[in-house]
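The values are calculated or read from the model by the stated rules, or taken from the named source; none is laboratory data. All figures in this text were calculated on a predicted structure; none of them were measured in a lab. Every residue, glycine as well, gets a Cβ built from its backbone with ideal geometry; the counts of neighbours run over all protein chains shown.
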Amino acid sequence: MRKRNLLIFLPLTLFFGLCSVFLLQLTSGRDAAVIPSALVGSEAPRLELPALEGSAVPSFSAPLFQDKVTLVNVWASWCAPCRDEHPLLIELAKDPRFSLVGINYKDVPANAWQFLSSLGNPYSAIGVDANGRSSIEWGVYGVPETFLVDGQGTVVYRHVGPITRESLKNDLMPQIEKLLVSS
C-alpha cells in the first residue's frame, strides 16, 4: 500500500523537478543564441582548399594565418544573410592591419564567382569547400560564420550568423583591436 502511494507522487515529483531545471536555465543569464565553440582557444584547422575558379585570389591554406591577424568568413552565394553582411566585409577588407579570407561553402563555383563579381570581392584568398566536409573541422553549423585567428594560428573568436553594424561595433572590432594591440 505504501509503495502505491509513493508511485502516485512520482510523476508529480518528476514534473516539478523538470520545471526547476527549466526555470534555472531561463534565469541563468546565459545567452541562448550563443553557440559555444570547442575551436576557440585551439589551433585553427590546417586545411588546403582549392581556389575559386575564375577568381584572381589564391587558394585557402594554413600559412595564411602566420604572423597576421586573420578573419575567416564562411559564405555561400545561395545564402541570403551572406548577401546582407557582404557590404560590411567589403569595408573590413579595406583595413590593412588584418586579412580577410573566405571559405565558399557547398556552392556552385559559377554562382560564387557571379556573387563576388556583382557585389565585390573582399577576400585576399578563397577556398572552395564543395561538399562541406572541411567546414566541419571549423565547427561550422551553417553560413555565414566568421572566425578570428591570431598571428600564431589560434582561433580566438567566433561569430555565428551575419555580421551586422551592431555586432561589428560591439563584438568583432573590439576583439580585432585587442588582438592587434597584443601582437
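Every residue, every condition in (1) under 25 Å from GLU166 (Cα atoms); (2) of a type in the set (D, E, K, R); (3) in contact with a Lys or Arg (Cβ under 8 Å, 6 or more places away or on another chain); (4) at pLDDT 95 or above, yes or no:
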| site | (1), (2), (3), (4) |
| --- | --- |
| PRO45 | no, no, no, no |
| GLU48 | no, yes, no, no |
| SER59 | no, no, no, no |
| LEU64 | no, no, no, no |
| ASP67 | no, yes, no, no |
| LEU71 | yes, no, no, yes |
| TRP75 | yes, no, no, yes |
| ALA80 | yes, no, no, yes |
| GLU85 | yes, yes, no, yes |
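Which pairs do you get when a residue that is touching a residue at least 12 places away in the same chain (Cβ under 8 Å), found in region 78-92, comes within reach of a residue that is part of a helix (DSSP H, G or I) and surrounded by fewer than 20 Cβ atoms within 10 Å (Cβ to Cβ), reach meaning Cβ atoms under 6 angstrom, with the pair 6+ apart or on two chains?
Sorted first by the residue in region 78-92, then by its partner, the pairs are HIS86/LEU119; LEU88/LEU168.
Hey, can you tell me all the residues within region 45-65 that are assigned to a strand (DSSP E or B) and surrounded by 14 or more Cβ atoms within 10 Å (Cβ to Cβ)?
Hits for region 45-65 are LEU49, PHE60, SER61.
Within region 68-89, restricting attention to residues that are among the hydrophobic types (A, V, I, L, M, F, W, C) and under 22 Å from GLY151 (Cα atoms), which residue is surrounded by the fewest Cβ atoms within 10 Å (Cβ to Cβ)?
The extreme case among them is VAL69.
Is it the case that LYS106 is touching a helix residue (DSSP H, G or I) at 6+ places or on another chain (Cβ under 9 Å), charged (D, E, K, R) and over 19 Å from SER42 (Cβ atoms)?
On the way: touching a helix residue (DSSP H, G or I) at 6+ places or on another chain (Cβ under 9 Å): yes; charged (D, E, K, R): yes; over 19 Å from SER42 (Cβ atoms): yes.
Yes; evaluated as a whole, the condition is true for this residue.
Looking only at residues in region 90-133 that are in contact with a strand residue (DSSP E or B) (Cβ under 7 Å, 6 or more places away or on another chain) and among the β-branched types (Val, Ile, Thr), which one is surrounded by the most Cβ atoms within 10 Å (Cβ to Cβ)?
ILE103
Mind listing just one residue for me: the one in region 90-145 that is assigned to a loop (DSSP other than H, G, I, E, B) and of a type in the set (Val, Ile, Thr) and, of those, modelled with the lowest pLDDT?
That would be VAL140.
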